[in-house]
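Read the structure below first, then the notes.
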Amino acid sequence: MTLHSILYLGIFLAIVLLCIKPLGLYIANVMAGRPIGIVRAGGGVERLVYRLCGVDPGTEMGWKRYALAILAFNTAGLVALYLLQRLQGVLPLNPRQLGAVSADSAFNTAVSFVGNTNWQGYAGEATMSYLTQMAGLAVQNFLSAATGIAIAVALFRGFARHGAGTIGNAWVDLTRSALYVLLPIAAPIALVLVFQGVPQNFSAYREVSLIEPLTYPMPRVDAAGNEIADPQGKPVMQDAVIDRQTLPMGPIASQESIKLLGTNGGGFLNANSAHPFENPTPLTNLLEMLAIMLIPCALTYTFGRMVGDTRQGWALLAAMAILYIGTTSLALYQEQQGNPLIARLDVDDAATAMQPGGNMEGKEARFGITASAIFVSTTTATSTGAVNAMHDSLTPLGGFVSLFNMQ
């Protein structure tokens with residue numbers, strides 16, 4: 001690996017490590033309902049949610065009731081998200097006048113986002129209205145992540161309480177996960193993304209002139225649409241010019257932040273975090289990778305605190321770190337080596353002051369190999385699914401890293 005890669009990975013891991021203990025302790029305190037500052041400040045909102053939903057926060061549940069509550073909650077979310085997609089053509093916040101999402105695609109997307117898989121079989125900017133993106137997909141990014149945290153905490157309680165008959169209250173855990181853990185972190189991340197250039201608006205898509213118009217030859221056609229040929233039967237060509245581009249707008253930053261923080265992965269735009277409107281700068285790229293890692297790593301310390309032995313949490317983190325550092329280092333090394341088949345063609349793909357070298361296929365020039373390879377390993381190791389480079393353009397062993405991490 002290059003010195004740049006080693007320093008980048010080292011700084012990234014150091015920042016994550018510094019966040020683990022304070023965030024893990026914070027999550028443990030929040031989920032236990034201890035009267036820390038944010039819980040006191042948000043207590044009124046939390047109690048209002050319980051009253052509106054008819055929930056008694058003092059009643060704990062056994063594992064069966066807890067599981068049924070989680071299943072019922074997410075089934076309701078699935079139905080709501082499906083209907084929102086099917087009805088988006090007659091609902092507001094739809095400046096492109098996009099019609100209803102097809103039944104099969106709507107069901108697939110609803111199941112995927114509710115289950116935190118966030119697999120997308122559509123191009124977001126050409127399929128989903130602002131309302132669907134914001135009130136449907138972004139909301140499910142919060143709720144599916146809150147579900148994951150709630151289930152993890154319930155599991156921790158099961159270890160800590162041994163033979164106890166209850167593991168907490170599902171409704172309380174869901175509320176506290178969203179209100180005190182996800183929202184306070186996702187909001188400032190969204191603001192930083194806006195500061196760096198990620199759109200956050202309800203504006204219509206914008207038509208802009210290209211700085212460098214594209215000219216390409218194309219056959220001339222008659223009024224009936226038939227190609228015109230010269231006396232020798234060859235098509236008569238003419239120059240076509242593309243001088244304008246449509247730029248997507250919308251509430252992108254707010255969805256981008258929770259997509260990463262909640263290890264969801266489904267993007268507002270088709271190119272996901274490879275798109276400059278989701279991930280415009282090296283700073284946002286680093287911030288997005290940090291957002292992906294924060295909660296999964298911090299939950300190891302939360303586990304240690306809740307079972308009364310933080311050494312167990314650090315042991316879990318160490319096992320995760322060994323796997324992560326090993327696979328990330330392999331991806332970095334392989335992507336920097338480039339494609340040996342191209343090297344055999346006497347093509348210079350070595351890293352120099354004039355070129356990045358290595359395998360730049362499918363990667364954004366504003367990130368380069370190091371930031372892309374670390375993102376590849378980070379997103380697959382955490383089961384997030386967001387991408388800032390095209391994984392099918394990785395080297396064979398670079399692609400192996402992403403597949404291994406998914407396993």
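The values are calculated or read from the model by the stated rules, or taken from the named source; none is laboratory data. Computed from a predicted structure; not experimentally measured. Counting neighbours? That spans all protein chains shown, and the Cβs are built from the backbone with ideal geometry, glycine included. Heads up: the accessible areas ignore ligands, DNA and RNA and are worked out on the full protein's heavy atoms, side chains in. Shrake-Rupley method; radii C 1.70, N 1.55, O 1.52, S 1.80 Å.
Yes or no: the range 120-135 includes at least one residue that is out of contact with any Lys or Arg (no Cβ under 7 Å at 6 or more places or on another chain) and within 30 Å of GLY304 (Cα to Cα). No, the conditions are met nowhere in the range 120-135. Candidates are the residues of the range 276-316 that are among the charged types (D, E, K, R) and not in a helix (DSSP H, G or I); the one that is most open to solvent (accessible area, probe 1.4 Å) is ASP309. Of the helices (runs of 4 or more DSSP H) contained entirely in the range 1-106, those carrying at least 2 residues that are open to solvent by less than 50 Å² (accessible area, probe 1.4 Å) and within 24 Å of LEU131 (Cα to Cα) fall at 63-86. The residues of the range 161-170 that are surrounded by fewer than 22 Cβ atoms within 10 Å (Cβ to Cβ) and farther than 11 Å from THR59 by Cβ, listed by number, are ARG161, HIS162, GLY163, ALA164, GLY165.
Residues that are surrounded by 15 or more Cβ atoms within 10 Å (Cβ to Cβ) and more than 20 Å from the chain's Cα centre (by Cα) within the range 345-368 comprise ASP349, ALA351, PRO356, GLY357, GLY358, ASN359, MET360, GLU361, listed in sequence order.
Cβ-Cβ contacts under 7 Å between residues 6 or more apart (or on different chains), taken from a first residue in the range 287-307 that is under 19 Å from PHE156 (Cβ atoms) to a second residue that is charged (D, E, K, R) and part of a helix (DSSP H, G or I), are listed as TYR301/LYS21; GLY304/ARG311; MET306/ARG157. Whenever a residue of the range 34-56 is of a type outside the set (D, E, K, R), its partners that are part of a loop (DSSP other than H, G, I, E, B), lying with C-beta atoms within less than 7 angstrom and at least six residues away or across chains, give the pairs VAL39/GLY33; TYR50/PRO57. Checking each residue in the range 181-220 for being assigned to a helix (DSSP H, G or I), over 17 Å from PHE268 (Cα atoms) and in contact with an Asp or Glu (Cβ under 8 Å, 6 or more places away or on another chain) picks out no residue at all. Here is a list of conditions, (1) of a type outside the set (Val, Ile, Thr); (2) open to solvent by 60 Å² or more (accessible area, probe 1.4 Å); (3) closer than 23 Å to ASN118 by Cα, and SER372 meets all of them except one; can you say which number that is? Here SER372 clears every test but (2). Scanning the range 142-158 turns up no residue that is hydroxyl-bearing (Ser, Thr, Tyr), open to solvent by less than 70 Å² (accessible area, probe 1.4 Å) and more than 18 Å from the chain's Cα centre (by Cα). Put simply, of THR59, THR109, THR75 the only residue that is polar (S, T, N, Q) and more than 30 Å from GLU125 (Cα to Cα) is THR59. On the stretch given as the range 171-202, residues that are exposed (fewer than 12 other Cβ atoms within 10 Å of the Cβ) and more than 21 Å from the chain's Cα centre (by Cα) total 0. Of the candidates PHE159, PHE142, the single residue that is assigned to a helix (DSSP H, G or I), touching a helix residue (DSSP H, G or I) at 6+ places or on another chain (Cβ under 9 Å) and farther than 30 Å from ARG51 by Cα is PHE159. Taking the range 107-124 as the range and being in a helix (DSSP H, G or I) and either at pLDDT 95 or above or closer than 16 Å to LEU143 by Cα (or both) as the test, the residues that pass are PHE107, ASN108, THR109, ALA110, VAL111, SER112, PHE113, VAL114. Here ILE342 fulfils each of the conditions (1) assigned to a helix (DSSP H, G or I); (2) in contact with a Leu (Cβ under 9 Å, 6 or more places away or on another chain) apart from (2).
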